[in-house]
Ligand SMILES: Cc1cc2nc3c(=O)[nH]c(=O)nc-3n(C[C@H](O)[C@H](O)[C@H](O)COP(=O)(O)OP(=O)(O)OC[C@H]3O[C@@H](n4cnc5c(N)ncnc54)[C@H](O)[C@@H]3O)c2cc1C
């Protein structure tokens, strides 16, 4: 079968749908979205049962459709903060977002279809269930919405061996399996491992029955600085702390000490050096709970789990048949290197503004519709790789600030950014007169230029 479209979008995850939604709003074009999975939603189709967004729903998803009701939670660990959708809520939301796109009559979603690359008659797409091949003739561009695709425990290739007799589960199986174990060993240093430990503690597992294997120590943002709408002053406060720390830092370690002292970032064990920074966040309550776990193994990555021992990069730890090992070692967000977002014949969706994946994809859709020249589009959307280590924080922030300044001098772009529901600062103009927001904005503005210069020096030739 031969089909054609202006754009072929490969990947119906958060970024593919956010791009398509923004482009459809701005341009009268035809799009085909393919995904090898049976439904839209990308990695959310494999979310562990207790996964929630770590950011508020208020600024996640596609631009034209609200996620949730912008409710402030009154109870639980998220009390006082904006609601965060569960995995199943995010899946339902993306199914609705995809259905709305299809109803425009200009977007066709081919779920269960895999993009194989360019063929002699166009782009080659294979129906996963029948094996049938289709040629898609693309009039404008192929959109790579899987360049930064997520790796999650349910589907990744486990990076360690498991010998017979050892009990190892992906984090997704924890609720159904937890009751059959007496002790738990959680593997991984990131947000998924933190979620697994929090789930165990919430389910009345005493902290001394939990061992946590942390190859690296991670930094986490305080979620209170990511509250939008009525609390948008808190986001500005966080950004002013970033700019102040960036402007004054004498080195990377000093920078992180400043961010920690200011309450912007925290590590679970303040006495252990932390080198990992993935841009995830925890609430103060989650942090306090996690600090109860004292049995922390810091011997590097796990190589092999046997019935009686765990072999790690730098040593061994005892284990046993009644210990459930919970795999939280998947990478999460991709570490793929930066490449130009707008290229001849293709668009490679990536991060632009830090911690805003769906905003960035939607912005790329808007810019694609509103500019003709790829050099101009790339000037407005320079790639900004996801961070992994503390060394990645300075270039990520200085790129974000430099790019945001560029948007301000382009009236159409700044108007789109100001109105976008995916822009975490959307409500700032409504609250700019409040003393706390006003002072945060002033502190940010008085430091951001010197911070950008200082961070470039800290980064050296990597900028
Ligand atoms: C656990 C987790 C929690 C997160 N929480 C938040 C949060 O709270 N807030 C936030 O802002 N961000 C969050 N993110 C990040 C964000 O939601 C996105 O997941 C991230 O930007 C990746 O989305 P994606 O669409 O690029 O990739 P994916 O979701 O991985 O989707 C890529 C899609 O491409 C498809 N695909 C790949 N190759 C092909 C091919 N050849 N042919 C057809 N289809 C193909 C895959 O099947 C997949 O469905 C989270 C990420 C993870 C992993």
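Restricting the calculation to Cα atoms, every distinct pair contributes to the Kirkwood radius of the range 224-271, found to be 11.3 Å.
Would you please state which residues of the range 164-190 a label at residue 322 would reach in this model, taking the label point 7 Å out along Cα→Cβ and a backbone N cut-off of under 12 Å? Backbone N within reach: 180-184. Taken along the Cα-to-beta-carbon direction at a fixed 7 Å, the label points for residue 116 and residue 445 span 5.8 nm. Using 0.36 nm per residue and subtracting the Cα-Cα separation, the extra length available between residue 132 and residue 88 on full extension is 12.7 nm.
The label point for residue 139 and the one for residue 261, both projected 7 Å from the Cα toward the Cβ, are 6.0 nm apart.
I'd like the antiparallel share, as a percent to the nearest 5, of DSSP beta bridges with both residues in the chain. Walk me through the numbers on the way to the answer.
Numbers: 26 of 67 bridges.
In the chain, approximately 40 percent of DSSP beta bridges are antiparallel ones.
Computed from the C-beta positions of residue 39 and residue 378 and an R0 of 35 Å, the FRET efficiency is 0.60 to the nearest 0.05. Counting pairs of Cα atoms in the range 321-408, how many percent are more than 21 Å apart? In whole percent, the share of Cα-Cα pairs in the range 321-408 beyond 21 Å is 36. Going 7 Å from the Cα of residue 252 in the Cα-to-Cβ direction, what parts of the range 217-234 have a backbone nitrogen less than 16 Å from that spot? Inside the label zone: 217-220.
How high is the FRET efficiency between residue 369 and residue 269 when r is their beta carbon distance and R₀ equals 51 Å, given to the nearest 0.05?
Working: r = 48 Å, r/R0 = 0.94.
Efficiency computed from Cβ-Cβ geometry: 0.60.
In units of the compact-protein estimate 2.2 N^0.38 Å, the range 403-442 shows a Cα radius of gyration of 1.24.
Largest first, the extents of the alpha carbon coordinates of the range 1-126 on the three principal axes equal 58, 31, 18 Å. With contacts taken as Cα pairs under 8 Å at a separation of at least 6 residues, the chain carries a relative contact order of 21 percent. Size descriptor for the chain, Kirkwood hydrodynamic radius: 23.3 Å (Cα pairs only, one decimal).
With an a/c value of 1.5 or above and a/b not larger than b/c for the gyration tensor axes a ≥ b ≥ c computed over the alpha-carbon atoms, the range 157-205 is described as oblate. Using a simple spin-label model with pseudo-atoms 7 Å out from Cα toward Cβ, residue 79 and residue 314 lie 4.0 nm apart. Measuring from a point 7 Å past the Cα of residue 334 along Cα-to-C-beta, which residues in the range 145-177 have an amide N at less than 20 Å? Answer for the range 145-177: 145-159. Length, then width, then depth: along the principal axes, the Cα atoms of the range 316-463 run 63, 48, 34 Å. Of all DSSP-defined beta bridges confined to the range 204-315, some 50% are antiparallel rather than parallel. Of all DSSP beta bridges confined to the range 1-156, the antiparallel ones make up roughly 40%. Placing one equal scatterer on every Cα of the range 250-369 and applying the Debye formula, the log10 ratio I(q)/I(0) at q = 0.11 Å⁻¹ is -0.65. Stokes-Einstein diffusion for the range 69-134, with the hydrodynamic radius set to the Kirkwood value over Cα pairs and evaluated at 25 °C in a medium of 0.890 mPa s, equals 160 µm²/s.
Every number here is computed from the coordinates shown, using simple stated rules; none is lab data. Quick caveat, the model's predicted, so the values are computed rather than measured. Note: ideal-geometry Cβ built from the backbone for every residue, glycine included; neighbour counts use all protein chains shown.
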